[in-house]
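*Asks:* For reference, the structure I am asking about is given below.
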Amino acid sequence: MLNLKTLRRYPWISPLLILLITVVVYTWALQGIKVDFELLTSSWPYITDFVSRLFPPDTTVIDIAIKALIETVQMSLWGTTVGAILSLPIAVASASNVAPRWLQWLANLLQNAVRSVPSIILGLIFVAATGLGAPAGTLALAIYTIGYLAKFYQQAIEAVNAKSLESLEVMGASRFQIVQYGILPQVLPLGLGYTLWMFEYNIRAASVLGVVGAGGIGFQLKSYIDGFEYNKATTMMLVLLVVVTVIDTFSSKLRQHLDSM
């Protein structure tokens, strides 16, 4: 068997082993997905035929696209905000440097449970509860957001300077005071950056939720595709692309500013 002494003597062994393991894992994964390369090669005419039907975009539905996009942004804004507010106490409860072990276990179990449910299933659940439209999509995004932002916030909390927390403990601060004065000031810039990223992501997720009738631009997009009105669907996708790009540029600059704080 390989030992530390052998690895030091032959330093090339470790990278070689990593390479071999990587090749084995990816070969195993490729066999599992059963890719038919011959079928992929012969499918190009069908792909080009479908793409050709998407152009030119039908600009007569620009007003419908803008209204649907505004609804998508509104869904994402509220879904992200509600999700972020609910994520904060869950993150604190799951952080190893703040909460007791039994509470960490419960909070992490809750996070894992939420993350294990796809956003589309959440959309179906809330469509069944509230009916078709934006309310169902907003609630689905809020729950979906909790699964990810709670984890991001937790990691940010666990990365804070331990000495500042120890100083507060020595001064007799309660757990709530430690969170308020020792953790939040350090976590806030990073947490806001995570929240902005989630807002961007939720705009894309909201467009997918429209497939199950949960409102937003995705609902219009699916309607046009189901009706074989591909030119109108292209207009929807282009409007979404422009807005997502603008929001991404703005939020990237804002995140850079927060990181420098």
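*Asks:* Which of rounded, prolate or oblate describes the chain when judged by the alpha-carbon gyration tensor and an a/c cut-off of 1.5?
*Replies:* Note, shape of the chain comes out oblate.
*Asks:* Among the lysines, which fall within straight-line cross-link reach of Lys67, defined as a Cα-Cα distance under 21 Å, with same-chain neighbours fewer than 8 residues apart omitted?
*Replies:* Lys222, Lys232
*Asks:* Now for a separate question. Among Leu149, Thr80, Phe176, whose Cα projects farthest towards the positive end of the dipole of the chain, with charges put on the beta-carbon of Lys, Arg (+1) and Asp, Glu (-1)?
*Replies:* Going by the Cα projections, it comes out as Phe176.
*Asks:* Quick check for you: which residues of segment 102-124 have the amide N under 19 Å from the point 7 Å beyond the Cα of Gln177 toward its beta carbon?
*Replies:* none
*Asks:* Sticking with this one: Given the options Ser43, Ser87, Ser167, state which has the largest fluctuation in a GNM of the chain using a 10 Å cut-off (strictly under) for Cα springs.
*Replies:* In the Gaussian network model the winner is Ser43.
*Asks:* Calculated FRET efficiency, Ile85 and Ile121, Cβ-Cβ r, R0 25 Å, to nearest 0.05?
*Replies:* 0.65
*Asks:* Given 25 °C and 0.890 mPa s, compute D for segment 140-261 with the Stokes-Einstein relation, Rh being the Kirkwood radius over Cα pairs; round to the nearest whole µm²/s.
*Replies:* 144
*Asks:* Also: Enter the angle in degrees (range 0 to 90, nearest 10) between the Cα long axis of helix 62-94 and the first principal axis of the Cα atoms of the chain, meaning the one along which they spread out most.
*Replies:* Helix 62-94 sits roughly 20 degrees off the main axis of the chain.
*Asks:* Let me ask something else about it. Would you mind computing Rg(Cα) / (2.2 N^0.38 Å) for segment 13-83, counting N as its residues?
*Replies:* The reported ratio for this selection is 2.06.
*Asks:* In debye, nearest 20, what is the charge dipole magnitude of segment 1-153 about its Cα centre with +1 on Lys and Arg Cβ and -1 on Asp and Glu Cβ, if you could check?
*Replies:* The dipole of segment 1-153 has a size of about 1020 debye.
Values in this text are rule-based calculations from the coordinates and carry no lab data. Given the structure is predicted, the values throughout are model-derived calculations rather than measurements. When we count neighbours, we look across all protein chains shown, and the Cβ atoms used for this are built from the backbone with ideal geometry, even at glycine.
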